[in-house]
Structure formats: C-alpha cells, structure tokens
Amino acid sequence: MKKEIALELKTRYAISSLGLFVLAVAFLVYYTTEGVVSQSEWWSYYWIILVFVSIQAVVKSFLVEHQSRQYYLAQLASPAQIILSKTLYHILLLFLCGLLIWGVMALFLINPVKEPLQFLGVLFLGTTGIAGVFTLFSGIASRASGNFTILAVMCFPIMIPFIKLLVSQCKAMSIQPNQNLIVLFLLLALLDVAVIAMGMILFPYIWRE
Amino acid sequence: MMNQNKLSLLRDILAFTLLFYAVIAGFLISVPESFIGETMRNIFYHVGMWAGMVVMFVISFVQSLKYLKTNKIEFDLKARESAFTGLIFGFLGIFTGMIWAHYTWGQFWVNDTKLNGAAIALLIYLAYFVLRQSVAEPNLKARISSVFNVFAFVLMIAFIIIIPRMGESIHPGNSSPTIMPSNLSPSIRMVFYPAMLGWILLSWSIFALRYRQAKLRHDLEILKSEISYDK
C-alpha cells in the first residue's frame, strides 16, 4: 500500500505545519528554561514533545479522511493491510519528527546524544511502538465522535510506562555510553511487534460497518 | 436457574461472613512487632481490594474477547459492569493505600513504580468509560470499547511486567521479599487468606448484581422500542 503514503504526502500543509509545530515547541522549551537544561531534563522534554507531536501527526490520519475515501479504501484493501500501511507511514513520519526535534533541540539547547547510532535505534523502536498504538487508537477515535481529546485520553495513560522506559534508557545512555543495549532493543522490538500484530488483529472489528 | 440462584446466594453469604470475620478479627488479633506497627492490619483490607480489582479487570478482558467473537451484547454488558466494579475496588485500594502510606512512608503519595502503575491502570479504565460515553450507537459502542479494552489490557500487563525492572520499588510485593504471604506470621495468615477470598467474592457479588440490573435495563429498552414500533 505505497499508494497510501503517496496520498498522504500530497497533503503538504499537514507536514509543514508539523514541522512548524516542532520548531515552536522547541523554542518554547528553550525560552522558558532560558537555555539551561540538564541532560536528564533534555530527555524528558524530548520525549514529551515527541509524544505531543505524534498525536498531532496521527490524529488526522483517520479523522480528516472523508467518508467517501474511507469506502474507497475499504474496497481497495483488507483492513489489516490498511492499518499496516498507515502504521508504516506513521513510523516513517514520527521517525522524521524525532530527528527534527533532535536537530532543533540540539541547536537551541545542548546535544546529549553520545552514540548517534544507538540513539537512532532507540528512536526507531520507540516511534514504532508509539505509531502502532496511536494508529489503532486514532481509528477508534474516528469511530467515536472523533475528537482530539478522546484520542489523547486513550493514548496517554497507556503510553506513560513506555515513554518512561524510553526516557530512563536514554538518560542512562547519555550518562554512561557504550553499554550493552541488546536486551533493551530486543524488549522494545518485542513490544513493537506485539503492538502492531494486535492492531492488525483488532482493527477489522473497528473498520467493518 | 434455581440452582444458580442458590449458588449466588451462597456466594453473597460467604462474602459477607468472611469480611465480617476479617473486620472483627483484623482488629482483635495481635499483630507481630515490626517497623510498621499496628498499621499492619491494613493488609487485610488494602490487599484484598486490589485482588478484587485485578479479578474484575481480568473478567472484563475475557468478556470483551467473547463479545468480539460472538457479537452478543450480553458479553459487552458484563465487560462494562466488571470494569466498573474493578474501578470502584481500585479507588478503594488507592484510598486505603494512601492512608497506609501516610503512616508508614510519611506521605499520601510516594513516587514509586507500583503506585504509579496503579494510577495508570485506573486512568486506562477511566478512559474506557469516557470512550463508551462518546459513542451513541449501541453496537458500535460495544465493538469499539471491546477493542480498546482488549488492547489496553494486554499492553497494561506487558508494561506492568516491565515497569518493576525499571526501578526499585519501596512497595512490598513480587520484587522485594519483605512482606510475602509466606513470610506472614500464622496469626496474620489466619485472617489474610479469608479476607482476600472475601473481597474477591464481594467484588464478584457486586458485579453479578450490577450485571443483572444492566441486563434488565437493556431488556426493558428493547421491549419499549418494540412497543413503540408496534404503534
């Protein structure tokens, strides 16, 4: 379903508004902290911004789509394919957002990333998990009376432990680089696979009329 | 049918008796000397409430799965009522825990992984009810909230297994062996196990009663709509 990605990319304004959102929030953090943040504060800010940006990015995927286009999609592909393609697209989008936030925050504040490759790995696995959960929930929210609040209410409680895990691991990484991260990576990958698989199993129940 | 009624009556009586015993005995027996002193007695109430909550959430998860499989609205009613009962027990557990924490740790709320995990679980089930309120159409409501319930429950369990590894907890339980059931003194165990069973049975009784009420209300709605359709 690469078509989906192309379709999404057409709405350029959405992506540019996301970019601007990232820029504004990063500047807000810089301005309110007066440019002085410790490494651990940096990581907390980073993931909190990323979660908020993720909700902004994902919320439009089902909500903005017109009813007619949903019917068109439903004829074109099976529900599992639809959720998978949307999730893949969101992984890409959120990963790019993560990179952007990193760049902007490193520019304004400090750059606590000691091992870029390790960080990119954590970022990728983290955004995969976030994208998996948020995509399914945005499908649910679109069937509910579909507003932003209901999505946030569903997403946040579930994601708190996940974000906490990511933040504490990132903090540990910047304090003590070069540690063995295989266990963490395996754990995150396992969670991601579970989230996406559950999404593919459960999504048809939301999708069908 | 008669048999079922007798069984549930037996369950209600047993729940009442066990809790009656737990309240009386819980305050009368002597608890062993320890750094938490007399507050140890809270173990008969606080832990049992959490046990009731966990049982209710598991029932809710199973009923939601059953609903998705069969599309029978009864299962969704059961899922809703058990989630609600679990939420009540969860809040009771939090309040009794806060009182306990106030006397043992000096604060009502301590930044601890187990406490925060409990708060997150309650938030998730509050979200479940907010979600239910936001959908008007009954079948869609049942389907969507079942999907959320199943997904949220599995993730919650996954995270609860992971969270304790992320940090040390001062709360007793699986990771720290200070107060495990096997470490409890015999006199406490004499009250603790009946109290646990009592709380679980009580949550079950409340759930059964709530479900019966919900089912009757549901049937009434259907009858009403049929009458207005006939007219």
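Below 8 Å, C-alpha to C-alpha, sequence gap of six or more: please give me the relative contact order for segment A:107-209 in percent.
48
Points 7 angstrom from Cα along the Cβ direction at A:Ala189 and B:Val62: gap in nanometres?
Going from the A:Ala189 label point to the B:Val62 one covers 3.5 nm.
Could you work out the Rg to Rh ratio of segment A:79-209, with Rh taken as the Kirkwood radius (inverse of the mean 1/r over all Cα pairs)?
Numbers: Rg = 16.0 Å, Rh = 15.8 Å.
With Rg and the Kirkwood Rh in hand, the quotient comes to 1.01.
Students sometimes get this wrong: rank A:Glu41, B:Glu74 by accessible area, probe 1.4 Å, all chains present, largest first.
Details: A:Glu41 85, B:Glu74 60 Å².
These residues rank, largest area first, as A:Glu41, B:Glu74.
What nm distance separates the two modelled labels at A:Ser145 and A:Glu34, each placed 7 Å from Cα along Cα→Cβ?
That separation, rounded to one decimal, is 4.5 nm.
For the pairing of chain B with chain A, what total accessible surface becomes buried, with a 1.4 angstrom probe, in square angstrom to the nearest 100?
Counting both chains, the buried surface is close to 2500 Å².
Within 10 Å of each Cβ in peptide A:200-206, how many partner chain Cβ atoms are there on average? Round it to a whole number, please.
4
Using 22 Å as the Cα-Cα cut-off, could you pick out the over-long pairs in A:Lys114/B:Lys114; A:Lys164/B:Lys114; B:Lys114/B:Lys141?
A:Lys114/B:Lys114; B:Lys114/B:Lys141
Please give, to one decimal in nm, the separation of the simple spin-label points placed at B:Gln107 and B:Gln133, each 7 Å out from Cα toward the Cβ.
Taking the simple label geometry, B:Gln107 and B:Gln133 are separated by 3.0 nm.
Let me check I've understood the local charge: for B:Ala25, count other residues with C-beta under 13 angstrom from its C-beta, Lys and Arg +1, Asp and Glu -1. What total comes out?
+2
Can you put B:Leu10, A:Leu181 in order of accessible area, largest first, using a 1.4 Å probe?
Listed by decreasing accessible area, they come as B:Leu10, A:Leu181.
Can you figure out the FRET efficiency of B:Ile227 with A:Leu99, using R₀ = 45 Å and their beta-carbon distance, to the nearest 0.05?
Efficiency for this residue pair is about 0.15.
What FRET efficiency comes out for A:Ala80 versus A:Glu115 if R0 is 35 angstrom and r is the Cβ-Cβ distance? Round to the nearest 0.05.
Working: r = 36 Å, r/R0 = 1.03.
Given R0 = 35 Å and the Cβ-Cβ separation, E is 0.45.
Apply the Karplus curve 6.51 cos²θ - 1.76 cosθ + 1.60, θ = phi - 60°, to the phi angles in segment A:22-30 and return the couplings in whole Hz, x for Gly and Pro.
For segment A:22-30, the Karplus curve yields 4, 4, 5, 5, 4, 5, 4, 4, 4 Hz.
Based on Cα positions only, what radius of gyration and what Dmax would you give for segment A:149-203, in angstroms?
14.1, 41
Against the empirical 2.2 N^0.38 Å scaling, what ratio does the C-alpha Rg of segment A:120-166 come to?
Working: Rg = 11.6 Å, N = 47, 2.2 N^0.38 = 9.5 Å.
After normalising by residue count via 2.2 N^0.38 Å, the value is 1.22.
Dividing the alpha-carbon radius of gyration of segment A:97-147 by 2.2 N^0.38 Å (N being the number of residues), what value is obtained?
1.55
What's the extension gain from B:Asn3 to B:Leu140 if we count 0.36 nm per residue and subtract their Cα-Cα distance?
That works out to 45.8 nm of additional length.
Would you mind listing how long segment B:1-138 runs along its three principal axes, going by Cα atoms, in whole Å with the largest first?
Largest to smallest, the principal-axis extents are 55, 42, 20 Å.
The values are calculated or read from the model by the stated rules, or taken from the named source; none is laboratory data. Just so you know, these numbers come straight off a predicted model, no measurement behind them. We place every Cβ from the backbone using ideal geometry, glycine too, and count neighbours over all the protein chains shown. In case anyone asks, the SASA skips ligands and DNA or RNA and just uses the protein heavy atoms, side chains included. Shrake-Rupley method; radii C 1.70, N 1.55, O 1.52, S 1.80 Å.
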